[in-house]
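Student: Structure in structure tokens, see below.
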Amino acid sequence: MTIPPPPRRVSAAPTATRSGAWPRIAPWLIGLGSVLAAWGLTQLTPPDSWVRQSFPVSAQIGEPAEGNNLIVTVRAVAGASELSDAHAWSGEGPWLLVTFDAQATVEEAGAYLERIELHIGERTFSPSERPSFSSPEERLAAGLPHRATAAFELREQDLGQRARLEFGYDDVNEELDSAILLDIDLAEISFAQKAEIADRSWSE
């Protein structure tokens, strides 16, 4: 009787273990995660120019527009070739006249209409101080609107352009303030007539 030989043992081929593969791919995964995190941060972080901008509030003529502790109602926008006041002053233009009511909403202490600007292209105009009763920087009253007229002295080449009028409550921290904005098409305004600016009913 012949006894068969014992079966041969076949050794299995070595396989990679998880512990052996992880050290090789870990740096790649960490690097990829860093790149994705940096990209996400740039998408979530607003540009500096956006951070410095005031919060815009659109205004329409005849309708109240409410911003930061400020309500402005633009009553009229008109042009003039020559401007005078009730105190014997007069000056040739062209002039852009903006008549408006302004009031505080809640806080009266330290409440002032600090910023009135007219933007045409890259140029910024402030209200002229030549008329005796042009728009002032005076205290606002809560719930009690006062009326004034801002007179902007323009150039002939500005006529026919588009302009943006801006009212603001805080002239120091503009990025924390709202900006009440009114778009004006100067091409639709006549500058041929003379006008007289009225005394403001502001401090009465």
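The values are calculated or read from the model by the stated rules, or taken from the named source; none is laboratory data. Keep in mind that what you see is a predicted model, and the values were worked out from it rather than measured. All Cβ positions, glycine included, derive from the backbone under ideal geometry; neighbour counts span all protein chains shown.
Student: Consider LEU140 against the criteria (1) at pLDDT below 65; (2) within 23 Å of the chain's Cα centre (by Cα): it satisfies all of them except one. Which criterion is unmet?
Tutor: (1)
Student: Something else: Scan region 160-185 for residues that are in contact with a Gly (Cβ under 6 Å, 6 or more places away or on another chain) and modelled with pLDDT of 80 or more and report the count.
Tutor: Summing the residues that are in contact with a Gly (Cβ under 6 Å, 6 or more places away or on another chain) and modelled with pLDDT of 80 or more in region 160-185 gives 2.
Student: While we're here: Give just the number: which of (1) exposed (fewer than 15 other Cβ atoms within 10 Å of the Cβ); (2) over 18 Å from the mean Cα position of the chain (by Cα); (3) within 23 Å of SER190 (Cβ to Cβ) does GLN60 not satisfy?
Tutor: That leaves (2) as the condition not met.
Student: Limited to region 101-115, what total is found for residues that are crowded, with 19+ Cβ neighbours inside 10 Å and either touching a Ser or Thr at 6+ places or on another chain (Cβ under 6 Å) or among the acidic types (Asp, Glu) (or both)?
Tutor: Of the residues in that region, 0 qualify.
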